[in-house]
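As structure tokens, the structure follows; a few thoughts come after it.
The values are calculated or read from the model by the stated rules, or taken from the named source; none is laboratory data. What you are looking at is a predicted structure, and each value in this text was computed from that prediction instead of being measured. Cβ coordinates were reconstructed from backbone atoms using ideal geometry, including for glycine residues, and neighbour counts include every protein chain displayed. Remember, those area values only see protein heavy atoms, side chains included, never the ligands or the DNA or RNA. Shrake-Rupley method; radii C 1.70, N 1.55, O 1.52, S 1.80 Å.
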Amino acid sequence: MPRESKASPLLSLPGAVAAEAPDEGVAAHYGDLFREQRALAGGSGFVDLSHRGVVTVTGPDRLSWLHLLLTQHVSDLPPGRATEALILSANGHIEHALSLVDDGETVWAHVEPGTQDALIAYLESMKFFYQVEVADRTDDYAVVYLPAGSIAEAPEGALARETAHGRELFLPRALLEPFAAAHGPAAGVLAHEALRVEAHRPRLGLETDHRTIPHELGLIGPAVHLQKGCYRGQETVARVHNLGKPPRRLVFLHLDGSEVSLPPHGAAVRLASDGPEGRQLGFVTTSARHYELGPIALALVKRNVAVDAPLLVGEKTAATQEVVVEP
């Protein structure tokens, strides 16, 4: 079972409403979801992601060793360059997703809340004779997201991970409250999730299930390097890439805005023409309310669903799709 996250001290901020699974321990919002989204989209504010796991790998062999285990090419990863990587099962199914950066001496990675124990157990089992040390730094460091365009400076002792979507700070936990006081307004994870869905970025445990392969989510390239040596699950990656036929594909959905509630994770997706009794062709992975687009969602559907087919989510929510992964 994943470890429970400790409650963030920022839940004491005015208006804070605690988030639900899988984001327990931090704020869902601070009283105004759309204002928080607009602030992030405009390059201001920050998001408390201190419930995420933080894992480090040190030692002279850290990059060459991780290169053998991860789907990403990291053997010559320059200090400061952010990258994404996966750990797959022997059958090519996604087991772990790492957002990592090397500072020249240590590889820092943040992972989904509560998954760090299983990740560390796997890494420890693969150390053999390599000169590496794996550590859980979750109790010592908090992850904080700063949106693209933010002028906030990382305080001394923090490590910044620069991405196309903004900066992620590995921040000493003792600095979390002072940072919040200096760099507000705070935005909750619901705002962060809405912008993630808008950007079509998949998340482990939401867009994935026990049989998800990287091709279904568009992760070939961003998290899977096709020109590198052997790693567990590579045979499946190569076979599906060469055949070009993953069984499912990620889609972005515009949902009917007249419905009061959002479809939950797992809500069935069918052809609108078949009605609520039709054959299930996929399921909603994440839904969100966006400050400009209204209700939106990501979903996994069968590869052969026509890209222009009107869809039905749940019993009555109409949806139109945008292609994320080509069929």
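Some notes on this structure:
- Any hit, the stretch 239-246, residues being hydrophobic (A, V, I, L, M, F, W, C) and closer than 30 Å to P295 by Cα: no
- If the condition is being closer than 14 Å to T317 by Cα, of a type in the set (D, E, K, R) and free of Cβ contacts under 8 Å to residues at least 24 places away in the same chain, then the stretch 262-302 contributes only E277.
- Tally of residues being hydrophobic (A, V, I, L, M, F, W, C) and closer than 16 Å to P202 by Cα across the stretch 252-302: 11
- Qualifying residue in the stretch 92-99 (condition: assigned to a loop (DSSP other than H, G, I, E, B), of a type in the set (D, E, K, R) and modelled with pLDDT of 95 or more): no
- Selection status of A118, open to solvent by 40 Å² or more (accessible area, probe 1.4 Å), of a type in the set (G, A, S), assigned to a loop (DSSP other than H, G, I, E, B) and closer than 26 Å to H215 by Cα: no
- Flag if E153 is at pLDDT 95 or above and open to solvent by 20 Å² or more (accessible area, probe 1.4 Å): no
- Failed item, numbered, when G257 is tested on (1) surrounded by fewer than 20 Cβ atoms within 10 Å (Cβ to Cβ); (2) out of contact with any Pro (no Cβ under 8 Å at 6 or more places or on another chain); (3) small (G, A, S): (2)
- Residue match in the stretch 283-297 (condition: outside any strand (DSSP E or B) and open to solvent by less than 50 Å² (accessible area, probe 1.4 Å)): no
- Beta carbons closer than 7 Å, at least 6 apart along the sequence or on distinct chains, pair a first residue in the stretch 29-45 that is open to solvent by 20 Å² or more (accessible area, probe 1.4 Å) with a second that is at pLDDT 95 or above and basic (K, R) for L33/R289.
- Meets criteria (open to solvent by 10 Å² or more (accessible area, probe 1.4 Å), assigned by the TED database to the domain that holds A39 and among the acidic types (D, E)) for E235: no
- Any hit, the stretch 178-190, residues being crowded, with 19+ Cβ neighbours inside 10 Å, out of contact with any Phe, Trp or Tyr (no Cβ under 8 Å at 6 or more places or on another chain), touching a residue at least 24 places away in the same chain (Cβ under 8 Å) and outside any strand (DSSP E or B): yes
- The residue of the stretch 68-111 that is least open to solvent (accessible area, probe 1.4 Å), among those that are more than 25 Å from T236 (Cβ to Cβ) and acidic (D, E), is D102.
- Number of the condition not met by V251 [criteria: (1) within 24 Å of H192 (Cα to Cα); (2) among the hydrophobic types (A, V, I, L, M, F, W, C); (3) in a loop (DSSP other than H, G, I, E, B); (4) at pLDDT 95 or above]: (3)
- Search result, residues across the stretch 123-155 that are assigned to a helix (DSSP H, G or I) and under 17 Å from S99 (Cβ atoms): L123
- With respect to the conditions (1) of a type in the set (G, A, S); (2) touching a residue at least 24 places away in the same chain (Cβ under 8 Å); (3) open to solvent by less than 70 Å² (accessible area, probe 1.4 Å); (4) farther than 20 Å from T212 by Cβ, A306 falls short on a single one, namely (2).
- Close Cβ contacts (under 7 Å, 6 or more residues apart or on different chains) running from residues in the stretch 202-219 that are in the same structural domain as I87 (by the TED database) to residues that are surrounded by fewer than 18 Cβ atoms within 10 Å (Cβ to Cβ) are absent.
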